[in-house]
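Read the structure below first, then the notes.
The values are calculated or read from the model by the stated rules, or taken from the named source; none is laboratory data. Treat the numbers as computed from the prediction; the structure is a model and nothing was measured. Cβ coordinates were reconstructed from backbone atoms using ideal geometry, including for glycine residues, and neighbour counts include every protein chain displayed. We work out accessible area using only protein heavy atoms, side chains counted, and drop any ligands, DNA or RNA first. Shrake-Rupley method; radii C 1.70, N 1.55, O 1.52, S 1.80 Å.
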Amino acid sequence: MADANPIEESIDRFILYLATERGLSENYQLSTRRSLEDFAAWLSRAKKIAAASDVTLAAITDYLADCKKRGLSTSSIKLVVVAVKIFFRFLLARDFVKTNSAEHLPLPRVERYLPETLNELQVERLIESISTKEPLGLRDRAMVELLYASGLRISELANARLENLLLDERIIRVTGKGNKTRIIPVGRKACDAIAEYLGKERPELVKKRTGGELFLSVRGTKLTTVRIWQILKRIARRAGFDVNVYPHLLRHSFATHLLGNGADLRIIQELLGHADVSTTQIYTHVDQQRLKAVHHRFHPRARLPAAPHPQPAPPRRKDKSGSTPAP
């Protein structure tokens with residue numbers, strides 16, 4: 001039976017489905033809800049449409065055009081299109097609408113940019129700049145070491161828990177996108193930094209209501225992703241970096257350095273938690289660019305200026321007898 005209820009109620013049902021049946025992350029749920037609620041508000045304001053069953057492909061197209069006019073990037077519009085498509089697919093499957101208005105809605109093509117990275121010396125410089133003698137220095141050093149050593153997403157670092165860290169075995173269990181759990185090796189230097197933080201600094205941060213989160217704030221609570229971002233920005237600024245340093249940059253660097261040192265692409269895919277290897281393949285382009293830059297800088301013939309191409313000799317004039325004079 002087609003749904004005559006307000007579209008907001010349909011959105012609530014859909015988000016509940018994403019949470020309970022699909023097990024998707026809270027961040028994904030919030031992002032999808034924001035996209036759909038903005039869509040619903042626009043439908044009500046611009047088209048006087050209140051129910052999902054009254055939405056047409058033309059109305060969706062007009063909304064996307066308005067998004068572009070408002071300055072949304074192509075990648076942001078693509079996220080909106082994906083949210084709308086899976087929303088109407090859900091409504092049709094549950095018989096809340098008679099037709100899927102978004103079925104033939106094309107996905108906008110997004111230009112893929114190569115990820116930024118730090119080189120190995122820059123990473124070393126960043127980490128070594130963190131003074132462990134300063135307040136919270138042990139915590140900050142351990143966080144940055146772990147970000148780079150294991151290629152964690154910032155949300156995975158914020159949600160890392162003590163019971164999922166096995167320092168003796170040098171592994172950590174994290175839950176990534178789509179609530180998928182993976183086990184990742186942790187390098188020796190990162191393990192040493194974490195062990196020192198756990199032994200000397202974390203006990204001083206623990207309060208009555210402190211949970212099992214690995215990295216704590218001064219209030220004894222879990223560090224938020226925003227706070228981790230701010231901490232890394234401060235570290236980079238004090239170390240004198242003039243490039244934009246952010247948590248995901250260390251994840252990009254982790255993957256690129258593994259690839260550059262001979263790691264298999266499929267292994268890197270598993271470590272990063274990518275569902276599709278095509279997502280991981282972007283790092284092969286980064287590595288190729290690095291190789292080209294090294295070749296151009298160090299190969300003697302790559303640095304030579306291009307030699308002018310020899311011009312063909314002009315044809316020799318014949319004398320009056322018709323023979324060509326000897327050169």
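Summary of values
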quantity: Condition check for Thr117: β-branched (Val, Ile, Thr), open to solvent by 40 Å² or more (accessible area, probe 1.4 Å) and touching a helix residue (DSSP H, G or I) at 6+ places or on another chain (Cβ under 8 Å); calculated: yes
quantity: Exclusive hit being farther than 30 Å from Thr221 by Cβ, in contact with a His (Cβ under 7 Å, 6 or more places away or on another chain) and of a type in the set (Ser, Thr, Tyr), set Thr117, Thr99; calculated: Thr117
quantity: All helices (runs of 4 or more DSSP H) inside region 145-249 with 2 or more residues being within 19 Å of Thr132 (Cβ to Cβ) and not hydroxyl-bearing (Ser, Thr, Tyr); calculated: 188-200, 202-205, 225-238
quantity: Selection from region 25-51 of residues that are more than 16 Å from Val84 (Cβ to Cβ) and either hydroxyl-bearing (Ser, Thr, Tyr) or in contact (Cβ under 8 Å) with a residue 40 or more places away in the chain (or both); calculated: Ser25, Asn27, Ala50
quantity: Within region 152-167, considering residues that are among the charged types (D, E, K, R) and either touching a helix residue (DSSP H, G or I) at 6+ places or on another chain (Cβ under 6 Å) or over 18 Å from Arg202 (Cβ atoms) (or both), the one surrounded by the fewest Cβ atoms within 10 Å (Cβ to Cβ); calculated: Arg153
quantity: Ala83 touching a helix residue (DSSP H, G or I) at 6+ places or on another chain (Cβ under 8 Å), open to solvent by 60 Å² or more (accessible area, probe 1.4 Å) and among the small types (Gly, Ala, Ser); calculated: no
quantity: Residues (crowded, with 22+ Cβ neighbours inside 10 Å and more than 25 Å from the chain's Cα centre (by Cα)) located in region 131-143; calculated: Leu138
quantity: Every pair of residues 6+ apart whose Cβ atoms lie under 6 Å, when the first sits in region 255-282 and is closer than 16 Å to Val174 by Cα while the second is of a type outside the set (A, V, I, L, M, F, W, C); calculated: Ile268/Thr280; Gln269/Thr280; Leu271/Gly151; Leu272/Gly151; Gly273/Gly176; Gly273/Arg182; His274/Thr280
quantity: Qualifying positions in region 168-199 - among the basic types (Lys, Arg) and open to solvent by 80 Å² or more (accessible area, probe 1.4 Å); calculated: Arg170, Arg173, Lys177, Lys180, Arg188, Lys189
quantity: Among residues of region 200-249, those that are of a type outside the set (Ser, Thr, Tyr), surrounded by 15 or more Cβ atoms within 10 Å (Cβ to Cβ) and free of Cβ contacts under 8 Å to residues at least 24 places away in the same chain, counted; calculated: 2
quantity: Selection within region 9-26 - assigned to a helix (DSSP H, G or I) and touching a helix residue (DSSP H, G or I) at 6+ places or on another chain (Cβ under 7 Å); calculated: Ser10, Ile11, Phe14, Ile15, Tyr17, Leu18, Ala19
quantity: Residue within region 73-80 that is over 17 Å from Ser31 (Cα atoms), open to solvent by 70 Å² or more (accessible area, probe 1.4 Å) and in a helix (DSSP H, G or I) present; calculated: no
quantity: Residues of region 1-32 classified as under 16 Å from Gly178 (Cα atoms) and either out of contact with any Leu (no Cβ under 9 Å at 6 or more places or on another chain) or at pLDDT below 90 (or both), total; calculated: 13
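Let's see how each residue does on (1) in contact with a Pro (Cβ under 8 Å, 6 or more places away or on another chain); (2) under 22 Å from Glu196 (Cβ atoms); (3) without any contact (Cβ under 8 Å) to a residue 24 or more places away in the chain:
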{"site": "Thr74", "(1), (2), (3)": "yes, no, no"}
{"site": "Ala102", "(1), (2), (3)": "no, no, no"}
{"site": "Arg125", "(1), (2), (3)": "no, yes, no"}
{"site": "Lys133", "(1), (2), (3)": "no, yes, yes"}
{"site": "Gly151", "(1), (2), (3)": "no, yes, no"}
{"site": "Leu165", "(1), (2), (3)": "no, yes, no"}
{"site": "Thr175", "(1), (2), (3)": "no, no, yes"}
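Residue-wise test of (1) within 19 Å of Ala263 (Cβ to Cβ); (2) acidic (Asp, Glu).
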residue: Leu146; (1), (2): yes, no
residue: Leu152; (1), (2): yes, no
residue: Leu165; (1), (2): no, no
residue: Ala190; (1), (2): yes, no
residue: Lys200; (1), (2): no, no
residue: Glu213; (1), (2): no, yes
residue: Gly220; (1), (2): no, no
